[in-house]
1. Between beta-carbons, use under 14 Å as the cut-off and find the net charge around F35, counting Lys and Arg +1, Asp and Glu -1.
2. Select from the stretch 18-83 those GluC sites (Glu not before Pro) which occupy a DSSP coil region and have at most 14 other Cβ atoms within 10 Å, ordered by residue number.
3. Residues of the stretch 1-42 with the amide nitrogen closer than 11 Å to a label point 7 Å from the Cα of V49, along Cα-to-Cβ, please.
4. Roughly what would the spin-label model give for V24 and I5, points 7 Å off Cα along C-beta, in nm?
Amino acid sequence: MRIGILGGTFDPIHNGHLAAAQSVAKTFQTDEIHFVPAYRAPHKQPEGVTSAFHRFAMVALATIPFTQFRTSTIEVDMLVKRYTVVIVSSKSGNS
């Protein structure tokens, strides 16, 4: 299965986000595109940014008409300001 990932603040999600996702899905023949709203974007000040819950809800509602689109809670569930990439060290001590 081929999955594309589109992360962002999505405050608000708009037709440009949806069009970009459709273009990626077509160009790279993905089976799904996962939208990943940030809990708190690391490059933005929290003042004036809509709550993560409401931004997630906006993305979920906006993507309903698209059968290939999914909305992920992976960052919203973490409840911390972070980047999508998480580095996990192995038990052997290697990174």
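1. Values: positive: R55, R70; negative: D11, E32, E75.
That works out to -1.
2. Working: sites: E32, E47, E75; in loops: E47, E75.
Qualifying residues, ordered by number: E47.
3. The answer is 8-11, 38-42, whose backbone nitrogens lie closer than 11 Å to the label point.
4. Modelled inter-label distance: 1.0 nm.
None of the figures in this text is laboratory data; all of them are computed from the coordinates on show. The shown structure was predicted, so the numbers you read here are calculated from the model rather than taken from an experiment. Methodologically, a virtual Cβ is constructed for each residue, glycine included, from the backbone with ideal geometry; neighbour enumeration extends over all protein chains shown.
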